[in-house]
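Beneath this line is the structure, given in structure tokens, with notes to follow.
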Amino acid sequence: MPVATPCYYVVSAVNISGESTNSNPVSVILTPITSVPQAPTGLNATAAIGQVSLNWNAPSNTASYYVKRSTVLGGAYTTVAAVLTASSVDASVTNGTRYYYVVTATNFLGESPASSPVTIMTPLLFPTNLPVTASSYDTGLPGPASYGNDGNTGTRWGSAFSDPQWIRVDLGSTKSIYKVVLRWEAAYGKAFQIQTSNDGTNWANIYTTTTGTGGTQTLSNLSGSGRYVRMNGTQRGTQYGYSLFELEVY
Ligand SMILES: [Ca+2]
């Protein structure tokens with residue numbers, strides 16, 4: 001609409017006897033949009049495991065927004081979302097990574113300059129108190145399998161004294177896994193695999209060893225994904241079972 005054009009509205013009421021007279025008129029003026037939106041302000045980011053949530057102030061005359069991300073301050077920025085409202089959730093992030101975000105606002109005339117950048121560090125994935133199941137647990141211990149992922153290195157899961165045995169955690173949905181830390185009690189695994197699965201039935205190895213030495217084993221630079229992660233022990237290091245203070249998944 002090239003110029004500001006006033007419009008007038010009236011209403012009337014109708015029943016079976018006919019129509020009323022019109023109400024008093026009201027007028028509105030439709031203001032034409034003559035420029036691209038201003039850059040959004042107040043960009044704010046919060047991070048959780050596997051996602052970054054963003055919100056910002058909405059400039060006037062905005063139709064939609066682009067959310068852009070970089071791992072370097074100043075870019076180059078890559079558009080990760082186009083949204084109609086002044087908020088967005090980026091679930092395509094890697095845990096333990098620093099990101100920079102900017103937002104632009106658009107209307108039919110074009111795109112605004114970018115907002116000021118905001119930076120956020122996504123947390124490392126080490127959830128605790130996940131649903132834990134195990135092939136067995138040592139009935140001589142006071143606690144259940146969940147003691148192997150309760151965030152407390154003073155409690156532990158221990159298996160029956162035989163091979164094989166396993167303990168698994170449920171991440172709730174498929175996640176990328178790049179590190180596993182095993183905090184063994186004296187009863188450790190000499191041969192075991194770290195495995196991932198999306199269905200809890202079919203497992204893929206992301207780490208194998210036949211020479212485990214117990215203690216705290218930090219398995220870095222893993223590459224895999226899955227909803228379930230388990231330690232599958234195939235040869236015990238002692239006459240006892242397998243026992244973990246914590247199975248930490250990152
Ligand atoms: Ca524990």
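Data overview
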quantity: Three-way shape label, the chain, alpha-carbon gyration tensor, a/c 1.5; calculated: prolate
quantity: Chain lengthening between residue 34 and residue 85 when straightened (0.36 nm per residue, less Cα-Cα); calculated: 16.2 nm
quantity: 17 Å reach of a label modelled at residue 133, 7 Å along Cα-to-Cβ, counting backbone N of the stretch 167-200; calculated: 167-174, 195-200
quantity: Distance between modelled label sites at residue 64 and residue 235, nm, 7 Å Cα→Cβ extension; calculated: 5.9 nm
quantity: Least to most buried among 56, 203, 157 (fewest other Cβ within 10 Å first); calculated: 203, 56, 157
quantity: Label-point separation in nm, residue 10 to residue 211, each point 7 Å along Cα→Cβ; calculated: 9.5 nm
quantity: Sequence-separation-based contact order of the chain, relative, with Cα cut under 8 Å and 6+ spacing, percent; calculated: 16 percent
quantity: Given charges at beta-carbon only (K, R positive; D, E negative), |dipole| of the chain in Debye; calculated: 520 debye
quantity: The stretch 132-249 - charge dipole about Cα centre, Lys and Arg +1 at Cβ, Asp and Glu -1, debye rounded to 20; calculated: 200 debye
quantity: Per-residue ³J(HN,Hα) for the stretch 132-140, Karplus 6.51 cos²θ - 1.76 cosθ + 1.60, θ = phi - 60°, Hz, x for Gly and Pro; calculated: 10, 10, 8, 5, 6, 9, 5, 5, x
quantity: Computed over the stretch 101-190: relative contact order in percent, which uses C-alpha pairs under 8 Å that are six or more apart; calculated: 22 percent
quantity: Relative contact order (%) - the stretch 41-121, alpha-carbon pairs under 8 angstrom, separation at least six; calculated: 34 percent
quantity: Förster radius 22 Å - calculated FRET efficiency between residue 225 and residue 48 (Cβ-Cβ, nearest 0.05); calculated: 0.75
quantity: Gain upon complete extension [residue 24, residue 116; 0.36 nm per residue less C-alpha separation]; calculated: 28.4 nm
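Where a number appears in this text, it was derived from the coordinates with a stated rule and is not lab data. Computed from a prediction, not measured in an experiment: that's the story for all the values here. Note that each Cβ is placed from the backbone with ideal geometry, even for glycine, and that neighbours are counted across all protein chains shown.
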